[in-house]
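Working notes, structure below.
The values are calculated or read from the model by the stated rules, or taken from the named source; none is laboratory data. All values derive from a computational prediction rather than experimental measurement. Here the Cβ is made from the backbone with ideal geometry for all residues, glycine too, and neighbour counts use every protein chain on show. To get the accessible areas, we keep the full protein, side chains included, count just its heavy atoms, and leave off ligands, DNA and RNA. Shrake-Rupley method; radii C 1.70, N 1.55, O 1.52, S 1.80 Å.
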Amino acid sequence: MDEKDIYQRIDKLVAEEHSLRTKRVAGDVDGTDEHERLQHLEETLDQCWDLLRRRRALKENGHNPDEAQAARTAQVEGYLQ
């Protein structure tokens, strides 16, 4: 997955997040479903942003950015803890 693919995935996830929030306001989805899906979307977005950072770090240090791999959700979500 290259940067273009990652950015496209991010755009898709953000669009889904906005759609879900709009449906929630309109009463078309219940709070529990929204919360679970939003949590998943946020975690996936965090993984995408982390992968972009990993790719850039490899490239800046003279390595092949295609060697970067997405971190596990638990790892990415634990960075601030």
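Here are the numbers for the structure shown:
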{"item": "Considering residues of the range 67-81 that are in a helix (DSSP H, G or I) and within 28 Å of residue 17 (Cα to Cα) only, the residue least open to solvent (accessible area, probe 1.4 Å)", "result": "76"}
{"item": "Test: residue in the range 53-63 that is part of a loop (DSSP other than H, G, I, E, B), open to solvent by 80 Å² or more (accessible area, probe 1.4 Å), over 17 Å from residue 74 (Cα atoms) and without any contact (Cβ under 8 Å) to a residue 12 or more places away in the chain", "result": "yes"}
{"item": "Failed condition for residue 36, given (1) open to solvent by 90 Å² or more (accessible area, probe 1.4 Å); (2) part of a loop (DSSP other than H, G, I, E, B); (3) not basic (Lys, Arg)", "result": "(2)"}
{"item": "Filter result (over 30 Å from residue 55 (Cα atoms) and either modelled with pLDDT of 95 or more or of a type in the set (Lys, Arg) (or both)) within the range 1-45", "result": "21, 23, 24"}
{"item": "Test result for residue 22, among the hydroxyl-bearing types (Ser, Thr, Tyr), open to solvent by 80 Å² or more (accessible area, probe 1.4 Å) and not in a loop (DSSP other than H, G, I, E, B)", "result": "yes"}
